[in-house]
Every structure is written in C-alpha cells, then in structure tokens.
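Below: the structure, in structure tokens.
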Amino acid sequence: MYKCCIFDLDGTLINTVSALNKTINLMLERLGYEPVDEAHTKVFVGDGYKKYVERALAYRGDRELANLERALDMYCEIFEENCLYRVEAYSGMKELLAWMKGQGMKLAVLTNKAAPQAEANIEKVYGRGYFDLVTGERPGLRRKPDPQGALYTADSLGVKPEECLYVGDTNTDMKTGMAAGMDTVGVTWGFRGREELEAFHPKFLADHPLDIIKALEEGKMGL
C-alpha cells in the first residue's frame, strides 16, 4: 500500500468551479467585457490564477493583455470575497479520504491556488487539520507541472516519491505526478475530460472516488 496520497485541489478534491467562474466574471464585468461560462472556466484554470486571467482576457478580446495588471489586482480582490462560493466535496471523496486514513496513508494537497485560499477551501469542506500537509502557491516554490511541490510534499512527510500516489484532474497534474516519479491517477469528475488524461497514460483512470478504493483493493495499483 502507498504511504501517502497527494491530491490536486480544484476539480479533484473540491468542486470550486462556481467560485472561480463568479470571480472571473465579476472581474470581466468591471473591465467592460462579457462573461465566460463554466465550461470555459474549466479549461482556463489549472496553471495558477495569472494564467486563468490571461486566458479569460484573451478569450474576450484583449489578446495583447493590455488590461492584465489591472485585471490581476481586481481578480485577487474579488477572489478574497468569493473563494468559498458554493464550494463542495465531490460525491464519494470524503469516503475515499476516510478509507485512506484507515489504511494509515498520509494525505496531502498540492495546488496552484494561492496558499491562504487553498487552506480556506480545505477547512470549509473538510475541517481544520484533516490533511497532513496543504501546499498552495507561494514564493520560492515553482508551480505545477514542475515537480518541485510534489517532491517537497513527499520529503516533508518523510516518504519516498515512489511511495506516493498522486491524484489530479488535468494535464498539469498528469505531468506533475509523473515528473515526480509518483504513480499518477487521472480523475474524470473534475474540470477536464477522459481524452486529455488518457493521453498521458496514467497508472489509473477513475470516474468516481470509490473507483480508487476498488483499484487499490484489487491490486490494480499499489507497491
């Protein structure tokens, strides 16, 4: 059995699309642009809020990103007020986490979301102290898909990369887990589709959190 499982946050542990979509649309409205729908939000996110803002601006016509600096300041201000808007756990995720804890696995979160907002999301949905480590974007730590954060997590928790399972919902996560030398699981309930994940040939593809329990119990994954 793996000693640790590292989870992506948005689209994996927690459905945050409503908060992300509301924030970007309030920002776009202030700048005089039309809103974007949740389907586009799911495609634009995953590489940190700066890339999210850039992609939304370009989609709405600011291809030269003339309003980028103003937009970034606005986004951060608005997100502080709306980062917990309609956030919720995906069906079956609490059961998966409880099962992993019962197996003695350490639980961690690695996200490109800013650390304070990441911690606020986790605390609201799962409670304070539920995870052994929550790592969000911060100075000195390179963002995913760079493996630095995943390797930092493993080292901090006293486990080897090969003893970790990495779980995420985007191509960024597939690249991160694999670059860190961790068995990587792609999940289809989040922000991206099966085809994007399959292209990276992860260790396992899961359509529901309980699929991961079944795969571990049946020996489809494991040390």
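The values are calculated or read from the model by the stated rules, or taken from the named source; none is laboratory data. Predicted model, so just to flag it, every value in this text is computed and none were measured. With ideal geometry, Cβ positions are generated from the backbone for all residues, glycine too; neighbour counts draw on all protein chains shown. These accessible areas exclude ligands, DNA and RNA; they are computed on the full protein's heavy atoms, side chains included. Shrake-Rupley method; radii C 1.70, N 1.55, O 1.52, S 1.80 Å.
Return the residues of the range 131-163 that are open to solvent by 60 Å² or more (accessible area, probe 1.4 Å), modelled with pLDDT of 95 or more and either in a strand (DSSP E or B) or closer than 28 Å to Tyr85 by Cβ (or both); say none if nothing qualifies.
Listed by number, the residues that qualify are Asp132, Arg143.
Tell me, please, whether a residue that is within 19 Å of Thr135 (Cα to Cα) and surrounded by fewer than 20 Cβ atoms within 10 Å (Cβ to Cβ) can be found in the range 30-37.
No.
Looking for whichever is assigned to a helix (DSSP H, G or I) and open to solvent by 10 Å² or more (accessible area, probe 1.4 Å) here; the options are Lys22, Lys113. Which one fits?
None of the others qualify; the one that does is Lys22.
Among the listed residues Ile14, Ile6, identify the single one that is open to solvent by less than 10 Å² (accessible area, probe 1.4 Å), touching a residue at least 60 places away in the same chain (Cβ under 8 Å) and in contact with a Ser or Thr (Cβ under 6 Å, 6 or more places away or on another chain).
Going through Ile14, Ile6 in turn, just one is open to solvent by less than 10 Å² (accessible area, probe 1.4 Å), touching a residue at least 60 places away in the same chain (Cβ under 8 Å) and in contact with a Ser or Thr (Cβ under 6 Å, 6 or more places away or on another chain): Ile6.
Before we move on, is Glu163 in contact with a Lys or Arg (Cβ under 6 Å, 6 or more places away or on another chain) and over 23 Å from Glu88 (Cβ atoms)?
Details: in contact with a Lys or Arg (Cβ under 6 Å, 6 or more places away or on another chain): yes; over 23 Å from Glu88 (Cβ atoms): yes.
When the stated conditions are applied, Glu163 passes them.
Do any residues in the range 182-207 that are open to solvent by 40 Å² or more (accessible area, probe 1.4 Å) have Cβ atoms under 8 Å from those of residues that are of a type in the set (S, T, N, Q) and assigned to a strand (DSSP E or B), where the two are at least six apart or on different chains, and which pairs are they?
Matching pairs, first to second residue: Phe200/Thr184; Lys203/Thr184.
When you scan the range 62-76, how many residues do you find that are open to solvent by less than 100 Å² (accessible area, probe 1.4 Å) and either out of contact with any Leu (no Cβ under 7 Å at 6 or more places or on another chain) or more than 14 Å from Lys51 (Cα to Cα) (or both)?
Final tally of qualifying residues: 6.
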